[in-house]
Amino acid sequence: MKYFVADAFADKLFSGNPAGVCLLDEWPEDCVMQNIAFENNLAETAFVIKRSSYYDLRWFTPETEMDLCGHATLASAFIISQFVDNNAVDMDFHTKSGVLSVKRIDDLFEMDFPSRKPIPIPVLPLMEEAVGVPVLEAHQSRDLLLMLENETQVKNLQPDLDLVAKIPNCFAVIVTAKGNEADFVSRFFAPNAAIPEDPVTGSAHSTLIPFWAERLNKKKMIAKQLSRRGGTLFCEDCGDRIKLSGYAKLYLRGEILLGI
């Protein structure tokens, strides 16, 4: 199968979040896709099949299949526009989270995602122990969102990932604060999915965008994810949907050889 790696939410190589993209004719066994994702050892590997007027899309971490992934969706749209359909502007992806639309605007890729506004929950002592700093607020969506006091705390955070993995009902932890230059900043940790820290997490912004839109009273925002690689995301709150945009850069193209 044709295989690519693209850096998503990146305007230069070796930044943003690398995602693998596999172009298929039909679905292989799930265990094959899971093994490929494990072998690739990237946060996400996307598997894409072109249909008549849309694309089927699935995402796998090295450990499990995901219900939503932003950076691998952006990377898939970028690869399609470069190597499958050079004239593609509007792309629809059929996924476990419904139909996700991506629009190419010059070199920018704008994704239409579901909004996942989090629900306030009590701050547990284990949460503060896991991240090592005071937590102002805790909110639950698919991921656990922890609001910190400032950007410096987010940037310098050194969480205990063993404790993060023990937080109840916690697939992953988003730590976030109001930004100094960007509207808000974040980092993302998912030890239960074999992702100690994800460089730039599109799906987390399905939760971050409605959270910060309400607090900042803004519909359009710029976000920064403060991982070592870092990334910039252009955000818009649209009620029950969000728009999330970014750039991508090609790193690798080749073939995965199965059964040889």
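Just so it is clear, none of the values below were taken in a lab; they were calculated from the coordinates. Predicted, not measured: the structure shown is a model, and the values here were computed from it. Methodologically, a virtual Cβ is constructed for each residue, glycine included, from the backbone with ideal geometry; neighbour enumeration extends over all protein chains shown.
Before moving on, here are some points about what is shown:
- Antiparallel content of DSSP bridges confined to segment 119-239, in %, to 5: 75 percent
- Checking the cross-link pairs LYS12/LYS178; LYS50/LYS224; LYS117/LYS224; LYS103/LYS220; LYS166/LYS218 against a 23 Å limit on the alpha carbon distance flags LYS12/LYS178; LYS50/LYS224; LYS166/LYS218 as lying beyond it.
- Relative contact order (%) - criterion: Cα under 8 Å, at least six apart; region: the chain: 22 percent
- Options CYS238, THR152, GLY179, ranked by Cα towards positive dipole end of segment 119-239, top entry (Cβ charges): CYS238
- Note: relative contact order over segment 178-251, using C-alpha pairs below 8 Å and six or more positions apart, is 27 percent.
- Note: relative contact order over segment 119-239, using C-alpha pairs below 8 Å and six or more positions apart, is 18 percent.
- Per-residue ellipticity at 222 nm from helix content only, as computed over the chain with -39500 (n - 2.57) for each DSSP H run of at least four residues, stands at -5500 deg cm²/dmol.
- Antiparallel DSSP beta bridges within segment 4-126, as percent of all bridges there, nearest 5: 75 percent
- Other residues lying with their Cβ under 14 Å from the Cβ of ASP11 contribute a combined charge of +1, Lys and Arg counting +1, Asp and Glu -1.
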